1. Can you go through 356, 345, 316 and tell me which one is under 19 Å from residue 14 (Cβ atoms), out of contact with any helix residue (DSSP H, G or I) (no Cβ under 8 Å at 6 or more places or on another chain), at pLDDT 85 or above and surrounded by fewer than 20 Cβ atoms within 10 Å (Cβ to Cβ)?
2. I'm trying to understand the selection: among the residues of the range 178-199, which are under 27 Å from residue 139 (Cα atoms) and either assigned to a strand (DSSP E or B) or at pLDDT below 95 (or both)?
3. Can you name the residue in the range 222-240 that is under 33 Å from the mean Cα position of the chain (by Cα) and without any contact (Cβ under 8 Å) to a residue 60 or more places away in the chain and, of all such residues, is surrounded by the most Cβ atoms within 10 Å (Cβ to Cβ)?
4. Answer with yes or no whether residue 336 is in contact (Cβ under 8 Å) with a residue 60 or more places away in the chain, surrounded by fewer than 23 Cβ atoms within 10 Å (Cβ to Cβ) and under 14 Å from the mean Cα position of the chain (by Cα).
5. Where in the range 51-160 are there strands (runs of 3 or more DSSP E), lying fully within it, with 3 or more residues that are under 20 Å from the mean Cα position of the chain (by Cα) and touching a residue at least 40 places away in the same chain (Cβ under 8 Å)?
6. Give the residues of the range 276-290 that are surrounded by 13 or more Cβ atoms within 10 Å (Cβ to Cβ) and either in contact with a strand residue (DSSP E or B) (Cβ under 6 Å, 6 or more places away or on another chain) or closer than 10 Å to residue 242 by Cα (or both), sorted by residue number.
7. Could you tell me whether residue 283 is at pLDDT 85 or above, under 22 Å from residue 198 (Cβ atoms) and in a loop (DSSP other than H, G, I, E, B)?
8. Of the conditions (1) touching a strand residue (DSSP E or B) at 6+ places or on another chain (Cβ under 9 Å); (2) under 24 Å from residue 326 (Cβ atoms); (3) crowded, with 18+ Cβ neighbours inside 10 Å, residue 144 clears all except one; give me its number.
C-alpha cells in the first residue's frame, strides 16, 4: 500500500524537476513573478483550460479583485502569453531538455531504467483553426472541422507503466523527407538516454526513404505496411502467415530501394484479412505472430497521447512559441506523473498506476511555488 505522505512527497519532488528549469525572462520589476506563471500554467494544464480563465480563477482564489465581465484579456494571462511569445524556440527546447536530463538522472540513480527498451514513433496533431499560412502549420487529413494542425513527432517507450516520452520534434512538413529527418533526430536523441532494442512505426512511416534511414541508423524495426499487389501475391490460398524477402522501391526521383523482410499474420477481428509488416528482423512462420503481438504494444503510445492531452492547456494562439511551450510542458508533466508512479511503486510494477492523474494534480497544485 502506498501511503498519502509518500505520494505527496514523490509528486512534489517530481514537480520540482520541472519548475526549477523554467525561465520566462521575467524582469525583477515586473508586475508578475515567475512563480505566478508556474502556478497559472499548472492550473490550465491540469484543468485543460485557456490562460484567460486560468488567470481569473487563480486571482479569485487569491481574493484579488477581478473584473469578470471584462472583454479584454485577463492581465495575468496577458503577461504570461507575452513572455511565452518572446521566448525563442531554442530557449524553450533548452529548458525542457534540462527537465528531461534531470528526470533520467533520477531514474538512473534509482536504477529504474531497463538495459534495453522498445520504442514507438508517431505523430501528434494539434488541430488549428486559423490561417493555413501560419508558421509551422501543416495541412493534414480533415478532422474536428479543420485540415490544419501543429504537428509534433514523438518517441515513447512502449513498455507498460514506463511509457516515458523520450523525444519530441516539431514537424514543419509531412512528406517523406520530413519524416525521414524526424526518425533520425528522434532516435539520436533517445539514444542519449536509453539503449533501443526495437522501434515500431505505423503505416504513416511506411516509405522507402524512412525505412532506408532506419537501416542506416542500425536499429531493428517493425513498420506496419500498406500491402502492394506484389506483397499480396505472396500469400497463397488458405495460408495463415507469410514471411519472405522483399525489396521496397521508389521509382520516382529521388529513387531509392531497400531490402527488408515482409511478413503477414491474420487480422485479429476481420475474417480473411491479414496485417502486413516490413522488418529488419529474422522472421519465420513460427515467430511472425509473436512479432505482430509485440508490435501491438506500440498502441501504448496512443494511451500516452491521451494522457499527454490530459495535461495540455487550451489555446487559440497562432504563435508557435506558445504552442511549443504548452506541448513540451504537457509532455514534461506526463513524464513526471509516470516518474511519480515508478518511484511510488518500490520494486514492484503494478498493473495500474497507484497515483492517478487527479491525485497527481492535487499534490502538484498544492506545491509552494515560491
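The values are calculated or read from the model by the stated rules, or taken from the named source; none is laboratory data. This is a predicted model, so every value here is computed, not measured. Virtual Cβ from ideal backbone geometry, glycine too; neighbours counted across all protein chains shown.
1. After applying the criteria, what remains is 356.
2. 199
3. Here the residue is 223.
4. Details: in contact (Cβ under 8 Å) with a residue 60 or more places away in the chain: yes; surrounded by fewer than 23 Cβ atoms within 10 Å (Cβ to Cβ): no; under 14 Å from the mean Cα position of the chain (by Cα): yes.
Against the criterion (in contact (Cβ under 8 Å) with a residue 60 or more places away in the chain, surrounded by fewer than 23 Cβ atoms within 10 Å (Cβ to Cβ) and under 14 Å from the mean Cα position of the chain (by Cα)), residue 336 does not qualify.
5. Counting at least 3 such residues, we get 117-127, 146-157.
6. The answer is 276, 277, 278, 279, 280, 281, 283, 285, 288, 289.
7. Values: at pLDDT 85 or above: yes; under 22 Å from residue 198 (Cβ atoms): yes; in a loop (DSSP other than H, G, I, E, B): yes.
Spelling it out, residue 283 is indeed at pLDDT 85 or above, under 22 Å from residue 198 (Cβ atoms) and in a loop (DSSP other than H, G, I, E, B).
8. So the condition that residue 144 fails would be (3).
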